[in-house]
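Please read the structure below before turning to the comments.
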Amino acid sequence: MHLRTAEDGIERVLVVDDSRLQRKILTATLEKWGFEVLQADSGENALVLCRDHSFDLIISDWMMPGMTGLDFCRRFREMQRDRYVYFILLTSKSEKNEVAIGLQSGADDFITKPVSAEELRARITAAARIMKNERELSEKNRMISAAYSEIKALYAAVDRDLNEARKLQHSLLRDRSVDFGTAQASLVLRSCGHVGGDLVGHFRVDDDQVGLFSLDVSGHGIASALLTARLAGYLSGNSPDQNMALEARGDGAYAARDLMEVAHRLNRMMLDDVDTEHYFTILLAYVHLKTGAVEILQAGHPHPIVQRANGKIELLGNGGMPIGLLPDPQFDVCSTILSPGDRLLLASDGITECADESGALLGEEGLISILRASAHVKGETFFQSLLWDLASFATKEDMDDDVSGVLLEFSGPMDQAV
């Protein structure tokens with residue numbers, strides 16, 4: 001009966017001994033057990049064989065002229081190999097006290113001469129068990145490494161795609177500054193990840209009126225960004241026939257649709273057409289460029305803020321429900337009139353919910369303090385200053401949520417200017 005089986009992990013054995021008789025005895029025994037055996041009469045010749053052949057087990061005498069078995073073991077361990085080889089040293093009784101040295105040199109086991117066939121068989125069985133476990137572990141590690149490499153490649157591909165998606169999403173915000181003549185709008189959009197769920201924008205209603213919006217889709221990541229892109233189409237200034245905030249007039253022009261109707265249309269679209277658990281909040285404002293009259297839909301979004309020319313701060317609206325949660329929610333519509341020098345801020349909760357190191361939120365009071373301190377800062381520079389203030393408050397540049405907003409600065413017709 002052969003000792004070796006296919007799963008034992010040992011097939012080829014190298015026997016190293018300067019004694020021809022000892023080599024012959026060991027070789028005959030090993031071959032009887034079914035192993036393929038090669039022989040070497042010295043450590044030097046054994047190293048040559050090891051360069052040309054692969055072995056699973058080496059059995060080497062310790063005491064040999066020239067290179068000892070211990071030296072051969074050290075040299076062998078220094079060789080680059082793709083798998084582990086079990087090493088057994090044959091020792092005499094006088095060498096048993098030096099077993100520790102042998103272990104430090106790379107030997108795995110020892111057998112005292114004269115070699116007992118039963119002991120040798122038991123040691124090889126133990127070696128086979130260890131080798132089997134070692135190779136199973138190596139194979140698993142190889143598979144893990146291969147999987148890790150594949151995951152890295154996939155992650156790199158996803159990362160490249162997300163970077164492109166980020167560019168595409170930010171391209172939805174074509175103009176970060178726009179001059180309407182009697183009013184100037186500045187916009188900011190900074191995602192906390194590759195892509196985000198915030199969006200800000202504007203569209204023309206007619207010669208005298210513009211629409212501004214700030215929306216925030218729940219969650220983060222790709223799903224939120226895809227929904228944001230879809231919503232951008234429903235509030236597009238380039239496709240007024242697709243814009244839910246506009247309705248066609250008989251003369252081919254468009255007029256502003258009632259804000260409450262817009263909210264309910266968007267809500268039905270979310271519940272009936274979009275198969276998702278996401279919802280969104282929004283501020284949608286109609287601004288009359290001549291009179292300064294503003295009408296604002298608030299659906300779960302932070303309060304719109306008016307900063308008067310004299311520095312007074314006003315929070316508008318009562319909140320309202322987000323869009324896409326309930327079949328018949330209550331939304332809120334508020335209004336105000338801007339005078340020359342006033343400005344209107346539509347901001348996402350990524351600003352008011354910015355947290356410091358202790359977890360305390362900036363809140364509306366913190367945003368109001370920033371507005372007061374930045375009353376003299378205009379246009380895009382205001383948002384640059386705001387982002388700097390948020391980073392200082394949070395003590396980090398990368399925010400935990402998307403940051404977006406629209407700032408409308410009303411100058412009014414020349415004959416109304418103060």
Could you run the Karplus curve 6.51 cos²θ - 1.76 cosθ + 1.60 with θ = phi - 60° over the stretch 279-289 and give me ³J(HN,Hα) per residue in whole Hz, x for Gly and Pro?
9, 8, 10, 7, 10, 10, 10, 9, 10, 8, 6
What do you get for the angle between helix 222-234 and the principal long axis of the chain? Use alpha-carbon atoms, 0 to 90 degrees, nearest ten.
20
Charge dipole (debye, nearest 20) of the chain; +1 at Cβ of Lys and Arg, -1 at Cβ of Asp and Glu
1800
Under the rule of at least 5 residues apart or a separate chain, name every residue whose amide H is placed under 5 Å from the amide H of Val37.
Val13
Considering amide H positions built from the backbone, and no H for Pro or chain starts, which residues 5 or more places from Asp332, or on another chain, come under 5 Å of its amide H?
Gln298, Met321
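Quick check on the stretch 172-416: take the gyration tensor over C-alpha atoms, sort the square-rooted eigenvalues as a ≥ b ≥ c, and tell me if it's rounded (a/c under 1.5), prolate or oblate.
In terms of gyration-tensor shape, oblate.
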GNM result for the chain, Cα springs below 10 Å: residue of Leu361, Leu90, Leu231 fluctuating most strongly:
Leu90
Where the only charges are on Cβ atoms (+1 Lys, Arg; -1 Asp, Glu), what is the dipole of the stretch 22-67 about its Cα centre, to the nearest 20 debye?
120
What list of ³J(HN,Hα) couplings, whole Hz, do you get for the stretch 120-130 from phi and the Karplus terms 6.51, -1.76, 1.60, once you set θ to phi - 60° and write x for glycine and proline?
4, 5, 5, 5, 5, 4, 5, 4, 4, 5, 5
Nothing charged except the Cβ atoms of Lys and Arg (+1) and of Asp and Glu (-1): what's the magnitude of the dipole of the stretch 12-140 about its Cα centre? Round to the nearest 20 debye.
200
With everything on Cα atoms, drop me the angle between helix 363-373 and the longest principal axis of the chain, reported from 0 to 90° to the nearest 10.
70
From the residues Leu266, His288, Cys354, which one has its Cα farthest along the dipole of the stretch 264-418 in the positive direction, the dipole being from +1 and -1 charges on Cβ of Lys/Arg and Asp/Glu about the Cα centre?
His288
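Of Lys32/Lys113; Lys132/Lys152; Lys290/Lys378; Lys24/Lys132; Lys312/Lys396, which pairs sit farther than 24 Å apart, going by alpha carbon to alpha carbon?
Values: Lys32/Lys113 20 Å; Lys132/Lys152 30 Å; Lys290/Lys378 21 Å; Lys24/Lys132 27 Å; Lys312/Lys396 30 Å.
Result: Lys132/Lys152; Lys24/Lys132; Lys312/Lys396 exceed 24 Å.
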Applying the Karplus parametrisation 6.51 cos²θ - 1.76 cosθ + 1.60 with θ = phi - 60° to the phi angles of the stretch 257-270, what ³J(HN,Hα) value in whole Hz is obtained for each residue in order, glycine and proline being reported as x?
7, 3, 4, 5, 5, 4, 4, 6, 5, 5, 5, 5, 4, 5
Residue-averaged 222 nm ellipticity for the chain, from DSSP H runs of 4+ at -39500 (n - 2.57), nearest 500:
-12000 deg cm²/dmol
Using a/c under 1.5 as the rounded threshold, could you call the stretch 12-140 rounded, prolate or oblate? The axes a ≥ b ≥ c are square roots of the C-alpha gyration tensor eigenvalues, and prolate needs a/b larger than b/c, oblate otherwise.
rounded
Largest-first ellipsoid semi-axes for the chain, taking √(5λ) over the Cα gyration tensor eigenvalues, angstrom:
82, 23, 17
Nearest 10, in degrees from 0 to 90: the angle of helix 20-32 to the longest Cα principal axis of the chain is 60
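Every number here is computed from the coordinates shown, using simple stated rules; none is lab data. Predicted, not measured: the structure shown is a model, and the values here were computed from it. Cβ sites come from the backbone with ideal geometry, for glycine too, and all protein chains shown count toward neighbours.
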